Amino acid sequence: QCGHDHCTVFRRGQQRLYQCSGCHHQTSLRVGTLFQASKLPLTTWFLAIYLITQAKNGVSALELMRSLGISWRAAWRLKHKLLRAMQEREADRVLRGRVEVDDAYLGGARSGNRGRGAAGKRPFVIAVETRPNPEGGLSPPVYVRFDPLPDFRQTTLAHWAERALDVDTLMVSDGLAGFLAAGAQVTYHQRVVVHPRKSSELDCFHWINTLPGNLKNSIRGTCHGFKVRKYAARYLAEAQY
Ligand SMILES: [Zn+2]
């Protein structure tokens, strides 16, 4: 704080505090991190981070409560702090190269990319970056974005593309009108219009058709009855991360 190079160390409860010998400013290793306000030991936090990042389908607050031996309330708060950290980490991710995009819905009777316009669901855009595979075909997804949006109107999707996609992108979409405006934000837009709409049978939409199912299983398996509209952004960011 003041440039002095000596401090005294003391304990207050579980916390180890460092006090500057020059100006008596007190600090700890947690200050300025997401652990700052928490009373849980750091080892509990690190175990939680390990469990959450290793689980393919996410971990519920209930599972964290059992695995970490903490209260449900503490587990819920810990989980949501980590989800927020994931959300902030992913917020600026920009996709480039070949990117498949599609509109999808979270919540309601079922998640996934069917039932366009269904009421009570949270609309979001799926975007998947893939690379050409040297052996032909496409690579598995490199990065994804799952962005909750208020609607799929042209202006909404144009703003989204400006933020989420590099200018030098080949965007692959179906015939949804909103994607025309999004396509205008990037160099190339491949529009695959199919009648009747059966994009699930087309190779160019392979990942767009696979990911919503994974997402649905992940959220259904770990987040029973969570409030979709309130927490959609966090759970989507967790899946994206
Ligand atoms: Zn000082």
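Looking only at helices (runs of 4 or more DSSP H) that fall completely inside the range 1-112, which ones have 2 or more residues that are open to solvent by 60 Å² or more (accessible area, probe 1.4 Å) and of a type in the set (Lys, Arg)?
Details: elements: 42-54, 61-68, 72-90.
Output list reads 72-90.
Could you tell me which of the residues ALA37, ALA91 is closer than 16 Å to PHE146 by Cα and small (Gly, Ala, Ser)?
On the way: ALA37 fails: closer than 16 Å to PHE146 by Cα.
Step by step, each of ALA37, ALA91 is checked, and only ALA91 is closer than 16 Å to PHE146 by Cα and small (Gly, Ala, Ser).
Considering only residues that are over 30 Å from THR130 (Cβ atoms) and at pLDDT 90 or above, which ones fall in the range 43-60? Talk me through it step by step, then tell me what you get.
Applying the first criterion (over 30 Å from THR130 (Cβ atoms)) to the range 43-60 yields 43-48, 60.
Once the filter is applied, which keeps residues that are over 30 Å from THR130 (Cβ atoms) and at pLDDT 90 or above, the range 43-60 yields THR43, THR44, TRP45, PHE46, LEU47, ALA48.
Could you tell me whether the range 212-232 includes any residue that is open to solvent by less than 80 Å² (accessible area, probe 1.4 Å), at pLDDT 80 or above and in contact with a strand residue (DSSP E or B) (Cβ under 6 Å, 6 or more places away or on another chain)?
No, the range 212-232 contains no residue that is open to solvent by less than 80 Å² (accessible area, probe 1.4 Å), at pLDDT 80 or above and in contact with a strand residue (DSSP E or B) (Cβ under 6 Å, 6 or more places away or on another chain).
Taking only pairs six or more apart or across chains, which ones have beta-carbon atoms under 6 Å, a first residue in the range 1-25 that is among the aromatic types (Phe, Trp, Tyr), and a second residue that is near the ligand (Cβ under 9 Å from one of its atoms)?
Cβ pairs passing all conditions: TYR18/CYS7.
Take PHE205 and decide whether it is modelled with pLDDT under 80 and not in a helix (DSSP H, G or I). Walk me through how you get there before you give the answer.
Working: modelled with pLDDT under 80: yes; not in a helix (DSSP H, G or I): no.
So PHE205 does not fit the description; no.
Per-residue answers, yes or no, for (1) within 20 Å of the chain's Cα centre (by Cα); (2) within 16 Å of the ligand (Cβ to nearest atom); (3) at positive phi; (4) of a type in the set (Phe, Trp, Tyr):
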| site | (1), (2), (3), (4) |
| --- | --- |
| HIS25 | no, yes, no, no |
| SER28 | no, yes, no, no |
| PRO41 | no, no, no, no |
| THR53 | yes, no, no, no |
| LEU62 | no, no, no, no |
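Among VAL31, VAL59, which is the only one that is among the β-branched types (Val, Ile, Thr) and free of Cβ contacts under 8 Å to residues at least 12 places away in the same chain? Talk me through it step by step, then tell me what you get.
Numbers: VAL59 fails: free of Cβ contacts under 8 Å to residues at least 12 places away in the same chain.
Checking each option against the conditions leaves just VAL31.
The values are calculated or read from the model by the stated rules, or taken from the named source; none is laboratory data. Not measured: the values here are computed from a predicted model. Note that each Cβ is placed from the backbone with ideal geometry, even for glycine, and that neighbours are counted across all protein chains shown. Only protein heavy atoms, including side chains, enter the accessible area calculation; ligands, DNA and RNA are left aside. Shrake-Rupley method; radii C 1.70, N 1.55, O 1.52, S 1.80 Å.
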